[in-house]
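Below: one structure, written as structure tokens.
The values are calculated or read from the model by the stated rules, or taken from the named source; none is laboratory data. Here the structure is a predicted model, which means the values were calculated and not measured. Cβ sites come from the backbone with ideal geometry, for glycine too, and all protein chains shown count toward neighbours.
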Amino acid sequence: MANPISVEVRERVVAAYRAGKGTYADVAEMFGVGEASVSRWLRLAHEKESLKPKPRPGKAPTLDEKSRAVLRELVEENNDATLAELAQRLYERTGVRLVVSTVHKTLVNQKKETSTRQSASATTSGSRDGCFGANASTRLRIACCSSMRAASISR
């Protein structure tokens, strides 16, 4: 999900429309926003309500950046650990208790973020396996699948 558009841009959109710079569609194109957004911001401004973005719905992330960094360290220390072992060690270090599926999802997302950053920049190392390395990512996939099967079998 993209970041919300700043209040400053929202105010500039409202000002541009009020200054007669064009229709909703023209102003929306000028600022790279949707026509519905222009309409909503104009309505809010007319009703004297805040143009500040509303908070995102849903539950806050389970892991903050510090806990994700600890999880990365745990994988680097022992990349043969199962997801259940990683969850237990993370709990011991941070006090955050996660289920195996959340550990898996977090590691997959971290790998995607790392791969995206590496492919976006011109890397000369030749490695696109993220921070875990080629062998580590293969073992991680095997460990993830094994842990997930073991967790589903034991239920």
Quiz item: How do the pairs read when you match residues in the range 10-38 that are hydroxyl-bearing (Ser, Thr, Tyr) with residues anywhere that are outside any helix (DSSP H, G or I), using Cβ under 8 Å and keeping only pairs 6 or more apart or on different chains?
Solution: Ser37/Ile5
Practice problem: Give the residue, chosen from Lys111, Lys52, that is within 25 Å of the chain's Cα centre (by Cα), surrounded by 18 or more Cβ atoms within 10 Å (Cβ to Cβ) and touching a residue at least 24 places away in the same chain (Cβ under 8 Å). | Solution: Lys111
Practice problem: Return the residue satisfying two criteria in turn: it lies in the range 49-67 and is under 30 Å from Val7 (Cα atoms) and in a helix (DSSP H, G or I), and of such residues it is modelled with the highest pLDDT. | Solution: Lys66
Self-check item: Filter result (in a helix (DSSP H, G or I) and within 30 Å of Glu113 (Cβ to Cβ)) within the range 1-35
Solution: Val7, Glu8, Val9, Arg10, Phe31
